[in-house]
1. Can you tell me which of (1) among the hydrophobic types (A, V, I, L, M, F, W, C); (2) under 20 Å from residue 248 (Cα atoms); (3) free of Cβ contacts under 8 Å to residues at least 24 places away in the same chain is the one residue 72 doesn't meet?
2. Out of all the residues in region 168-175, is one or more within 28 Å of residue 127 (Cα to Cα) and either of a type in the set (A, V, I, L, M, F, W, C) or in contact with a helix residue (DSSP H, G or I) (Cβ under 7 Å, 6 or more places away or on another chain) (or both)?
3. Considering only residues that are more than 16 Å from the ligand (Cβ to nearest atom), crowded, with 22+ Cβ neighbours inside 10 Å and not aliphatic (A, V, I, L, M), which ones fall in region 33-73?
4. Does residue 82 fit the bill of being in a strand (DSSP E or B) and under 24 Å from residue 119 (Cβ atoms)?
5. Which members of region 90-106 meet the condition of being part of a loop (DSSP other than H, G, I, E, B) and not small (Gly, Ala, Ser)?
6. Return the only residue of 221, 257 being over 21 Å from residue 144 (Cβ atoms) and either surrounded by 21 or more Cβ atoms within 10 Å (Cβ to Cβ) or at pLDDT 95 or above (or both).
7. Identify, please: which residue in region 78-97 is in contact (Cβ under 8 Å) with a residue 24 or more places away in the chain and away from the ligand (no atom under 16 Å from the Cβ) and is, among those, surrounded by the fewest Cβ atoms within 10 Å (Cβ to Cβ)?
8. Of all residues being over 20 Å from the mean Cα position of the chain (by Cα) and touching a residue at least 60 places away in the same chain (Cβ under 8 Å) in region 267-280, which is nearest to the ligand (Cβ to nearest atom)? Just the residue, please.
Amino acid sequence: MLGSKFSPLPDGKIFPFAPWLAPVVQEGTFDPILTDSIFKQQNITIATTVFALGKYTRFLKDFLESAEHNYFVGFRVHYYVFTDQPEQVPAVKLSEEHHLTVLTVPSSNRWQQISLSRMARLEKLIESRLLNEADYIFSLDVDSKFYGRWGVETLSRLVGVMHPWFYDKPRELFTYERRPESQAFIPYAEGDYYYGGAVIGGLVKDVYQLAKTCREQLDIDASKSIEAAWQEESHLNKYFLYNKPSKLLSPEYLWDDTKYKPEEIKIIRFSQVIKNYNEIRPNP
Ligand code: UD2
C-alpha cells in the first residue's frame, strides 16, 4: 500500500522521496541560493499559463502581483493569460524579465467545461508556440495567491503537486474516478498520491505529452457521455499513475486559505483564495 506507507509518515511529516525516488520539494530540502546559481547559468524561460474566464478575471490582479514578488524572481517568465475578456486583464507592473501575453478564447456556460478544456488549450499553445519560446512550463489555477518563494527548485522533467486535502490521507479516500467506464478510472488498490489539478509543470515537451494524452482521454469520455468526477484533475491523476512525475511538490506549493496549517507544513508558498463558488461560477 504505497499511498499509506509513504504519505504521510506516522509523525505527520511528508516522506522526502516518492517510492520511485522522485524528490518531494519542501522547506529544508534545498538551498535556494545554490539552486538559483545553478539554473542562472542555463538561461531558461518558464512559460506560465493562467485561465481567467467569466468572473475569474477578478483573481488576476492578486495572482499576478503576488507572483511578481515570489514566482521565479530574477528568471525569465512568460505568462500566457487565457481569457474571454481581454479588457479585464489588469495592468500589473512586471519586472524586467517577466512578460505577459493575453490570449482571447471563448468561454463556456459550464465551469466543468472551462476547467477541463484547459488541457486542449495547453496542447495547442505548446504545439503552436511554446516548443520554440520556452524551456519549462507551469499551468496554474488563477484563484490563488503566492505567499512565499516559488523558484527553480520546482523545475524538473514532469512535476505534480500533492493536493492539500489528501496528502495526509490513505489512498482509499482519494477522490480518483472510480467508474471503470471512464478513461480516468483508478481501482482502489492502485494509486500513489492524489495530485491537484491546479499545478502542472515540467519540460515543455513532457507537459505537451501530458496535455495531449489527457485531452484524448477526455474526448473518449465525452464521446461516451461520461465526465470524470473531477474533470481533468481525474485524468491528470490517471496520467501520473502510469507516467510518474520526476519531481513532486509538497502541499507548500498548493495550499487552501480555508485550511488550518499544521506544524509539519513549514511554509505556505501558493494557496487557493477563499471564494464563493455559487457567486463566481456560471453554473452550480
Ligand atoms: C479543482 C482543482 C482545479 C481543477 C478542478 C476540476 C485544485 C486546488 N483545484 O478546483 O485545478 O482540476 O478541480 O474540476 O487542485 N476557471 C475559470 N472560469 C470559471 C471556472 C474555472 O477561468 O468560471 C479556471 C480558473 O483558472 C480556475 C480553474 O479553471 O482556477 C479551475 O476551476 P476551479 O478553481 O473553480 O476548480 P476547483 O476549485 O473545483
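The values are calculated or read from the model by the stated rules, or taken from the named source; none is laboratory data. What you see is a predicted model; the values in this text were computed from it and never measured. Glycine also receives a Cβ, built like all others from the backbone with ideal geometry; neighbour counts cover every protein chain displayed.
1. (3)
2. no
3. 72
4. Details: in a strand (DSSP E or B): yes; under 24 Å from residue 119 (Cβ atoms): yes.
In short, yes.
5. 90, 92, 93, 94, 96, 97, 105, 106
6. Step by step, each of 221, 257 is checked, and only 221 is over 21 Å from residue 144 (Cβ atoms) and either surrounded by 21 or more Cβ atoms within 10 Å (Cβ to Cβ) or at pLDDT 95 or above (or both).
7. So, considering only residues that are in contact (Cβ under 8 Å) with a residue 24 or more places away in the chain and away from the ligand (no atom under 16 Å from the Cβ), the one surrounded by the fewest Cβ atoms within 10 Å (Cβ to Cβ) is 93.
8. 280
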